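Asks: Would you mind keeping the following structure in view while I ask a few things?
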Amino acid sequence: MHDIVDLRSDTLTLPTPEMREAMARAEVGDDVWEEDPTVKRLEAMAAERLGKEAGLFVASGTMGNLVSVVAQTRPGQEVVLDLDSHIFNYEVAGSAVIGNVQMRPVRTARGFLAPEQIREALRPPNIHVPETGLVCVENTHNRHGGTCCTPEEIAAVAAVAHGAGVPVHLDGARIFNAAVALGRPARDFARHADSVTFCVSKGLAAPVGSVVCGAAAFVARARRIRKMVGGGMRQVGVVAAAGIVAIERMVDRLAEDHANARALAAGIARLPGLSVDLASVQTNIVIFAVDRPSGAAELVAGCASRKVKIHAIGPASIRCVTHKDVDADDIARTLDALREITRGW
Ligand SMILES: *Cc1c(COP(=O)(O)O)cnc(C)c1O
């Protein structure tokens, strides 16, 4: 039980005491000179978990996606991705500005492009058209409510892309949530992608950072681009140390967040004026609709006055994210608040 229940995002998780200790003790060096042993340990550990040759610690998921896109494309190429993807919607058009690539967003039902959609989106060899440079997949899918695709679905998409000589990037900001939810090792999801990025700063509760993984040659290129965008950090082992604790200690407990999300969604489904697609609640995100004009703002304000913070993602749509600083009592309190607010709706 916490004084304030904060369901706005899993980025709000605070570092654990063990992380603080690891940070204080971390052995460090200048990471631009590749002399920080703690960063190297985190990168090697991440690469091992994802079955890749090498890893690169970056400041954020956004930076991880940016360096991955730029490292694998040339200016003027096109990137095929889902219309609701994080890269297309929430990364300030960085790939367009820094990488000079064009985005080719495709509308999907669940956030995951089907192999036929990739086939249709790939550009034919023709002097008039841009070249397809990269295909991006997002798992779990943020805007679709933390939904997961399977390793086999990624393999099917990658087969089409690779068949045309196009690499695949996996935006796996919450890939460990998918791994825990589907009971599959994270490397199964990464296997068919040429690059993958995941956040230690979300459900895994580290204060800062993401890791990009892939083949050694890709990571060497990504390292140059990270430097170009100002992401070369010095004694950053102080921060990476928390990422190591995140990977070693915080993955299995994601199952609790998923159980809390399911309990929250099941409660919401019983309330008047609110609707939620229970099948979409596979991990730690619950997106639900408020069937009432300006209902989302009303709910956000009503919850805030009851010390429960939730986030409106549209005039009639709310997103709640469970994480390690939200427990089962907090979920019960959130449902009490929602019940009071929607009474008589
Ligand atoms: C959070 C998120 C990112 C970006 O992470 P930041 O660390 O906030 O930059 C990228 N992709 C997805 C799917 C995310 O949910």
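The values are calculated or read from the model by the stated rules, or taken from the named source; none is laboratory data. All values reported here derive from a predicted model rather than from experimental measurement. Methodologically, a virtual Cβ is constructed for each residue, glycine included, from the backbone with ideal geometry; neighbour enumeration extends over all protein chains shown. For the accessible areas, the whole protein counts, side chains as well, though only heavy atoms, and no ligand, DNA or RNA atoms are used. Shrake-Rupley method; radii C 1.70, N 1.55, O 1.52, S 1.80 Å.
Asks: For the structure I just gave you, tell me whether V208 is under 22 Å from I98 (Cβ atoms), part of a loop (DSSP other than H, G, I, E, B) and within 16 Å of the ligand (Cβ to nearest atom).
Replies: Against the criterion (under 22 Å from I98 (Cβ atoms), part of a loop (DSSP other than H, G, I, E, B) and within 16 Å of the ligand (Cβ to nearest atom)), V208 qualifies.
Asks: Which of (1) among the aromatic types (F, W, Y); (2) under 18 Å from the mean Cα position of the chain (by Cα); (3) open to solvent by 10 Å² or more (accessible area, probe 1.4 Å) does F218 not meet, given it meets every other one?
Replies: Of everything listed in (1) among the aromatic types (F, W, Y); (2) under 18 Å from the mean Cα position of the chain (by Cα); (3) open to solvent by 10 Å² or more (accessible area, probe 1.4 Å), F218 misses just condition (2).
Asks: Specify the residue that is farthest from V160 (Cα to Cα); the eligible residues are those in the range 120-149 that are away from the ligand (no atom under 13 Å from the Cβ) and open to solvent by less than 10 Å² (accessible area, probe 1.4 Å).
Replies: Applying the first criterion (away from the ligand (no atom under 13 Å from the Cβ)) to the range 120-149 yields 120-135.
Add one more test, that the residue is open to solvent by less than 10 Å² (accessible area, probe 1.4 Å), and what stays is 121, 133-135.
Numbers: A121: 11, G133: 13, L134: 12, V135: 10 Å.
This residue is G133.
Asks: Moving on. Which of the residues spanning the range 1-28 are out of contact with any strand residue (DSSP E or B) (no Cβ under 7 Å at 6 or more places or on another chain) and surrounded by fewer than 17 Cβ atoms within 10 Å (Cβ to Cβ)?
Replies: M1, H2, D3, T11, L14, P17, E18, R20, E21, A24, R25, E27
Asks: Yes or no: D330 over 21 Å from G111 (Cβ atoms) and open to solvent by 40 Å² or more (accessible area, probe 1.4 Å)?
Replies: Working: over 21 Å from G111 (Cβ atoms): yes; open to solvent by 40 Å² or more (accessible area, probe 1.4 Å): no.
No: the conditions fail for D330.
Asks: Can you tell me which of (1) open to solvent by 30 Å² or more (accessible area, probe 1.4 Å); (2) part of a helix (DSSP H, G or I); (3) not hydroxyl-bearing (S, T, Y) is the one A178 doesn't meet?
Replies: (1)
Asks: Could you look through the range 44-93, keep only residues that are open to solvent by 50 Å² or more (accessible area, probe 1.4 Å) and within 11 Å of the ligand (Cβ to nearest atom), and pick out the one that is farthest from A158 (Cα to Cα)?
Replies: Looking at the filtered set, the residue picked out is V92.
Listed here are the residues, each with its yes/no results for (1) under 18 Å from the mean Cα position of the chain (by Cα); (2) closer than 29 Å to V28 by Cα; (3) open to solvent by less than 50 Å² (accessible area, probe 1.4 Å).
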{"position": "G214", "(1), (2), (3)": "yes, yes, yes"}
{"position": "R226", "(1), (2), (3)": "no, yes, yes"}
{"position": "G230", "(1), (2), (3)": "no, yes, no"}
{"position": "V236", "(1), (2), (3)": "no, yes, yes"}
{"position": "D277", "(1), (2), (3)": "no, no, no"}
{"position": "I287", "(1), (2), (3)": "yes, no, yes"}
